[in-house]
Structure formats: C-alpha cells, structure tokens
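The values are calculated or read from the model by the stated rules, or taken from the named source; none is laboratory data. Just so it is clear, the model here is predicted, and its values are computed rather than measured. Cβ: placed from backbone, ideal geometry, glycine included. Neighbour counts: every protein chain shown.
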Amino acid sequence: MRKRSAPKPTSIQFGADGETLYKFWKDMLRVQIIIGPLGSGKTTLCIQKLMKLIVMQKVNRWGDRKSRWVAIRNTYPDLETTTIPDFREIFTDDYGTMKFSNPPKFKMNFPLQDNTRVKSEVIFLALDQPEDVRKLRGTQFTGGWLNEIKETPKAVLDMLDSRIGRYPRKRELGAFYHCILGDCNAPDEDHWLADIEENTPENWKIYMQPGGVRWINNEWVLNPLAENLINLQDGYYKNLIQGKRKDWIDVNVANNFGSVKDGKPVHPDFSRDVHVASRPLSIEPSATLYTGIDFGRTPAACTGQKINGQWRILEVIVTEDMSAVKFATLVKMHLNTVAGHPGEQWAMRNQSLRHELWGDPTGESMGQATEDTPFAILSAAGIEAYPTYTNDSAIRIGALDAKLCSFHDGQPDILIDPSCKVLIKALNTGYQFKRLKVTGDEKYEDKPNKNKFSHVAEALQYLLVGAGDVESVIGTFGAEEFDAVESEAEFDGWYPSNVGL
C-alpha cells in the first residue's frame, strides 16, 4: 500500500473560536498557561501551538529546523489514555513516528514548502512528585508542554524553566523560540497557580477563559462569552451541569477557582463573571471614598465608592504578619496613590474630595505589648479612621450578601476592579465556613474561618457597615432594636461630617 506524501505547510493556521483562545495562540511569552472549563478547546490549542512553534524554528546551515520538546503529565496512564491520543489527533503519521519506548517519543522528519526540513521530537514524561524533578536534570529542551498543569508540582515547572532554550546548542544556531505551554481546569484557591495568577512574573501570562455557565440570581445560566462552542454539540454545557453539585460546576464548567480545602463559601452569590469589572474602574472625583479596615497581625484595607447606587471597589491592601505601625505607613501610601490605577491620584489634599475610613471596633483595644491602639497608631500617622458601630459577623456578612444579590437596571450593586485579585478569590471560595468533622449531614462552623482570605473580605464588610449600607439586614434584629443601635451610634459620633488627611 502506497504511503501518502507528507503535508508541506509553511505555517500552521488556527481559527480560534474565542478571544482568549486567540490571544493565547498569538502569545510569544516564555511561560503561557491557559485555564478553562471542560470543552473549551485549551488542550487542542496547546497541541496546535506546539506544531506552530516546531515549524517556526530557525533554519540551520543544513536546511533543518531542529527542536526537542517535552510533554508532561502527572502519570503514565494519563499520558497513554489522554495526553498522547489528543496529541496524535494533530501529530499524525504524516508528520512522524510514535515510539512507545521508555519514555514514549514522537520523532518528526518532514519537508516544508520552502525546501527546509523539520527535524524534531517530543518526549513524554510522567512527573507528579516534587522529587521527580531529577528526571529533568541534565536534559536539553527547546520547550515544554504541561498538560493538566494543576496536577504538576511547582518544583517541576521551576526545573523545566531551567532546561528550555538549551536545544539546539548555541554554536549550531540556538533555539529560535523557546517557551513553556500549560493547560488545565480551574485549580483550588490555595494552589500554586492561584499565587502565580495573583503575582504573575515578568514574561509569564495566565489566561482565564470565560466559563460555560454563570451563576446569576441563584441559578446557572449559559454564558454567551463561552469559547469553542463551534466545536461542541448543541446544548453541551446545559447538559453537562445536569445532576452536578454547585461546587463541581463552579470549577469544571464556570471556570472559577475551587474551594480551599473543605469549607463552604461565606458569600455563595458572588460570581466572577457578574461582580468583577471587565476593565479597570475609574475614580469619580465627586463621590465619597470609603475605606474599610480589618486589624490584627494580617491587616487589610479595601477602598471603594458608591456611584448611582452601585458600589465600585477600586483597591485593596493585603498583608501578612505586619505590625500596626507598618500597616499605617502602607495605608498612608495607599491613600495618596492607587497602585492599580497608574497616574490617578486620590487627591487627598483636595478638600472637596470626601474620604471616610472605617475599621473593626476591636481596633480600639490596646495590644499586649503596647498601650497604643490600632486606631491611635493610624491617627499618629495622620490618618483619622473611625470604628464601626458593630463587628457582628451576621450584620457584616448580611450587608455584603445583600449587595451581591441586588441588581439595578441590569447592573450588579457591587462591582470589583480586576486588580483586586485576593479579594476576588476570597469572595469566590477562599473566605469560608469551616466544615465540622461530624457524621451524617454536612455541618459548618457559625463563624467564618480565619485564613489569608478572610481579612480582605471583612475589610470590605467594614466598608459597607461604616458607610451605613446595612439596611438590608434590619431583619436580623427587631426594627425597634435596630433603630436604637443606629441612634446610639450616631450619638457616639460614628458618622463624621467629613474625614480626611
């Protein structure tokens, strides 16, 4: 039987069905990771891009385009049943030969229309433990692809990063383009990928695809921005969510970061698609600025404005193991410039701009090692902040819940700047009620678990309480009792006429 002649492409073309897919396809950064829901086309795109990069390599003096790549998955069964079959859908026998050796390899040798030849190989490795980094020591690669990268330890990525761009050797020509590709479904909030997404290194990029569905008004609705629909069966996402738990849908279909460990989100009505702005928010000079503050050894602050009934959260401060004195200095800097909005000034010297700062009333208590209270330390730094009339968690949580559930003229009552990444992760699932270890039905603690996400979420709650936006939780008390509390708070002066530096 006569073998078909190999295709002779000059380049690999791809018609991306989605804006995020297209941006990933065009990217030329060193590390590129795409995170998306089931069926979003991310794995296929990585393989197609791998072919593109192989064809793009420079030509040496013998007319060859040489490269060596590694494809990594966590186990060999996953490589053999998922990764390699997906790979072979694009890298057919027309382009090379698959050898199931130890490790498996795909060796390529085919001509292009410009009379050059592609001479490349892809090596498949299973690496799922930090100690597996030794398998990469001494290797020389052009680049790599980590399929389901969330199942791979960060140590593997770090070692691979040191092994790319080393083949072919510089004296022969050197790798024209070397990079690491990665794809996966959304990981948990405490996964190392979440830290990378929060603080992305230079020349790295994480692409988050739109989910197949969105959580709106206590129900899942199809997302019109979903990608790769042209390659999916009609009703794919509608059928996929049937009979599934909300937390499963949230990660695998809505493409939201998953719950940290085993807890229940404090604010289940939060939705990235609904409550996170698609572009940076601007400061409105005529509107009051509010900052909420949560104290302790992990203090946090959250600043926003209420414009036409909508809360716009502009900026947050997130710390770890910081004293009240250092935090006061950080707040001072924060109030004068907004790091997430280059070039914009808070204009604190402008007396026409009203600014109110509110904090956890326990901040009036003295510490064990000093007689200064957090509020007094802020005041010494030139920052006049006031305690909210209560730190009752039911009131604070209820105030924020009400905003997350409310819409006016089709717009949510609270919108968060995309730069507030820790706050977004906190509201998504990181800020949670801890599950109790009991038999039978699932039960959770009454108070939110204190973790790295709780402080910034509670800073936002103090912002709302301090601004007096708690009318939605009157039902928590009797109406007369609530009126009495509010009256007493006003008498104590917790509503200043104007607060500023």
Output the residue which, of all residues in region 62-110 that are of a type in the set (S, T, N, Q) and part of a loop (DSSP other than H, G, I, E, B), is surrounded by the most Cβ atoms within 10 Å (Cβ to Cβ). Asn74
Which of the numbered conditions does Val59 fail, given that it passes all the others? Conditions: (1) assigned to a loop (DSSP other than H, G, I, E, B); (2) more than 28 Å from Asn256 (Cβ to Cβ); (3) at pLDDT 95 or above. (3)
Single condition Trp145 does not satisfy, out of (1) in a helix (DSSP H, G or I); (2) surrounded by 19 or more Cβ atoms within 10 Å (Cβ to Cβ): (1)
Residues satisfying the stated conditions in region 154-173, i.e. out of contact with any strand residue (DSSP E or B) (no Cβ under 9 Å at 6 or more places or on another chain) and surrounded by fewer than 16 Cβ atoms within 10 Å (Cβ to Cβ): Lys154, Asp158, Ser162, Arg169, Lys170, Arg171
Among what's in region 367-405 and is out of contact with any Gly (no Cβ under 9 Å at 6 or more places or on another chain) and among the hydroxyl-bearing types (Ser, Thr, Tyr), pick the residue that is nearest to Arg354 (Cα to Cα). Ser379
Restricting to region 313-326, name every residue that is in contact with a helix residue (DSSP H, G or I) (Cβ under 8 Å, 6 or more places away or on another chain) and of a type outside the set (Ser, Thr, Tyr). Ile313, Glu315, Val316, Ile317, Val318, Met322, Ala324, Val325
Let me confirm something: among Glu148, Glu121, which residue is in contact with a strand residue (DSSP E or B) (Cβ under 9 Å, 6 or more places away or on another chain), acidic (Asp, Glu) and farther than 21 Å from Leu45 by Cβ? Glu121
For Asp114, indicate whether it is surrounded by fewer than 13 Cβ atoms within 10 Å (Cβ to Cβ), over 29 Å from Asn252 (Cβ atoms) and either touching a strand residue (DSSP E or B) at 6+ places or on another chain (Cβ under 8 Å) or in contact (Cβ under 8 Å) with a residue 40 or more places away in the chain (or both). yes
So, first residue more than 15 Å from Lys306 (Cα to Cα) in region 394-409, second residue surrounded by fewer than 17 Cβ atoms within 10 Å (Cβ to Cβ) and aliphatic (A, V, I, L, M), Cβ within less than 8 Å, six or more apart or across chains; the pairs are none
Positions within region 177-198 being more than 13 Å from Gly36 (Cβ to Cβ) and of a type in the set (Gly, Ala, Ser), in sequence order: Ala194
Enumeration of residues in region 447-470 that are more than 24 Å from the chain's Cα centre (by Cα), crowded, with 20+ Cβ neighbours inside 10 Å and not in a helix (DSSP H, G or I): Ala467, Val470
Criterion: under 23 Å from the mean Cα position of the chain (by Cα), surrounded by fewer than 20 Cβ atoms within 10 Å (Cβ to Cβ) and not in a loop (DSSP other than H, G, I, E, B) - qualifying residue of Ile196, Ile123: Ile196
One residue is enough: does region 62-80 have a residue meeting the conditions in contact with a His (Cβ under 9 Å, 6 or more places away or on another chain) and hydroxyl-bearing (Ser, Thr, Tyr)? yes
